[in-house]
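Visitor: Once you've had a glance at the structure underneath, I'll fire off some questions.
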Amino acid sequence: MLRNHLLVALLIIGMIMVPALPRAHAASGTYFDNIVVVAMENQNYADVMGTGTGSANAPFIASMLTAGATIPLYHGYGAAGRSINGCSAGCYTALISGSDQAISDGYSCCINAPTLMDSMTSAGMTWQAYCESGCPRGNDHFPFTGFNSIHNSPSIFASGSVSTANFVAAANSASPSSLLWFTPTDGHNMHDNSIQTGDTYLRNLLVGSTGSLGSPASGSLLASNLFQSGHRTLLLLWWDEYDPAPILFYELGVVKQAYVASSDLYDEYSILHLIENNWGLSTLTGNDAAAASMTEIFGTSIPPGLTTSFTVSPSNPVVNSPVTFTATTVGGMGPYTVSWDFGDGATATGAAVTHTFTGVQSYTVIETVQDSSTPPKTATNSQTVNDKAASGGSGGGSGSGSGGGCLLCGTFPVLSSSMWLLVLGGLLGLIGSLVLLTIRARAHLGRTKRRMTHLDR
């Protein structure tokens, strides 16, 4: 009987205590319920993102800027009087702990300080951090293994087999973690490779080599469950170091589209404060407590309308010579599909194309651009191209160049140099014939006069 009473008492105590224990769940936040961070490296803002609308160095990132928000004056080494030292390592520790912890590259475990991960765990939230291909840079680019409280966490994945596929699988989970972090190797994150190849790497990770923002390919991150309708997931592309450093936020329907912030008050502490504010977590240090939390990136905005134009080179094309057409498109949502109608029955696709006209006449060239929004938007532009005959001169077809072989082509541009040679040859022949006839006529006249004089005698 006593045993039964004890069992009932233990059961009651268990029922009372279980709700008090932290539970892992996807917490509903003010602006997002999940955040995905991809950590890139060591590039200046302008080289990757221009003035905020994109750079030719990174066409995929440029397409993301039309659908997301960015901060051209984001300070990787601290803002508003705050300083972040010891980067790379110090920048990473600042982002997750509110301090650079006075460390530098090559530091060993372990730092005794609270982190964002500790705050999330205490609130019953989950996180996962992935480091590609065995994490060759260790703590420097992957701070999770550098703090005493979390370095042995089962939420860390840093073995040699870790790849983007593992990261996408985590995003496809039925219950994905509230925070997912991915650190690529230095051969992929723009540290040791070019901006162009890093841009391609991000495209393959986020939408796939054949996908787009409007239609991500199967197996890509943006095609995963975490980014499907019904999920509020913020994607953060963050670059460690440099001032200003690139940064991009993407979350359809929540982050403003094509938004370029003018503030110069943001740094790693601002990102940390943004995450803390979103989930109602306490700040960790005076740095993140004082930092502005970037909330201006959220809200509705109307992206600029889709417009396009193109240049023709050379501007005065010559028949049977190649002409280059280069499109410039702004607004809408990239990437863009560009098609051409050259007015002579020929067509082409691509932002920059070359075409050769075979007739001396005017052609109406039409450029059509379609963006990646749903439904897609379309813009067109047209120009009249006057294709002229080759002049043979150095003045670009004007006939006024000093080195040309066609003196009258400017007056009669429809005749080619070879035709003028035939004409001049004919004229010279005619003149020669006239001269010969004149000489013969004068000789004949002289003989006739002599005969008349002889008869008179």
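The values are calculated or read from the model by the stated rules, or taken from the named source; none is laboratory data. Worth saying up front: this structure is predicted, and the values here are computed from it rather than measured. We place every Cβ from the backbone using ideal geometry, glycine too, and count neighbours over all the protein chains shown.
Visitor: Give the number of residues within the range 367-381 that are part of a strand (DSSP E or B) and surrounded by 15 or more Cβ atoms within 10 Å (Cβ to Cβ).
Guide: In the first step, residues of the range 367-381 are kept if they are part of a strand (DSSP E or B); the result is 367-370, 378-381.
If we keep only those that are surrounded by 15 or more Cβ atoms within 10 Å (Cβ to Cβ) too, we end up with 367-370, 379, 381.
Summing the residues that are part of a strand (DSSP E or B) and surrounded by 15 or more Cβ atoms within 10 Å (Cβ to Cβ) in the range 367-381 gives 6.
Visitor: Shifting gears a bit: Can you go through Gly106, Gly78 and tell me which one is touching a residue at least 12 places away in the same chain (Cβ under 8 Å), crowded, with 19+ Cβ neighbours inside 10 Å and either touching a Gly at 6+ places or on another chain (Cβ under 6 Å) or assigned to a loop (DSSP other than H, G, I, E, B) (or both)?
Guide: Within the list Gly106, Gly78, the selection yields Gly78.
Visitor: Just for strands (runs of 3 or more DSSP E) wholly inside the range 125-242: which have at least 3 residues that are under 19 Å from the mean Cα position of the chain (by Cα)? Full working, then the answer.
Guide: Numbers: elements: 127-131, 179-183, 233-240.
Ranges flagged: 233-240.
Visitor: Looking at the structure I just gave you, is Ser108 more than 32 Å from the chain's Cα centre (by Cα) and modelled with pLDDT under 95?
Guide: Yes, satisfied.
Visitor: Separate question: Which members of the range 120-154 meet the condition of being touching an Asp or Glu at 6+ places or on another chain (Cβ under 7 Å) and of a type in the set (S, T, N, Q)?
Guide: Scanning the range 120-154 gives a single hit, Ser149.
Visitor: Between residues in the range 40-55 that are within 21 Å of Arg137 (Cα to Cα) and charged (D, E, K, R) and residues that are at pLDDT 95 or above and buried (at least 23 other Cβ atoms within 10 Å of the Cβ), which pairs lie under 7 Å by C-beta distance while being six or more apart or on different chains?
Guide: Glu41/Asn189; Glu41/Met190; Glu41/Trp239
Visitor: Only one of (1) modelled with pLDDT of 95 or more; (2) surrounded by 15 or more Cβ atoms within 10 Å (Cβ to Cβ); (3) not charged (D, E, K, R) fails for Gln257. Which number is that?
Guide: Only one criterion is unmet by Gln257, namely (1).
Visitor: Still on this model: Count, please, the residues in the range 246-284 that happen to be out of contact with any His (no Cβ under 8 Å at 6 or more places or on another chain) and of a type in the set (D, E, K, R). Steps first, please.
Guide: Taking the range 246-284 first, the residues out of contact with any His (no Cβ under 8 Å at 6 or more places or on another chain) are 246-263, 265, 268-282, 284.
Those left that are additionally of a type in the set (D, E, K, R): 251, 256, 268, 276.
Count: 4.
Each row is one residue, and each column tells you yes or no for (1) of a type in the set (Gly, Ala, Ser); (2) part of a loop (DSSP other than H, G, I, E, B).
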site	(1), (2)
Asn287	no, no
Ser293	yes, yes
Thr300	no, yes
Thr311	no, no
Ser315	yes, yes
Thr329	no, no
Met333	no, yes
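Visitor: Would you confirm, using the coordinates I've provided, whether Thr121 is crowded, with 19+ Cβ neighbours inside 10 Å, closer than 18 Å to Glu276 by Cβ and assigned by TED's automatic domain parsing to the domain that holds Phe182? Lay out the reasoning, then the answer.
Guide: On the way: crowded, with 19+ Cβ neighbours inside 10 Å: no; closer than 18 Å to Glu276 by Cβ: yes; assigned by TED's automatic domain parsing to the domain that holds Phe182: yes.
Considered against the rule, which asks whether it is crowded, with 19+ Cβ neighbours inside 10 Å, closer than 18 Å to Glu276 by Cβ and assigned by TED's automatic domain parsing to the domain that holds Phe182, Thr121 comes out as no.
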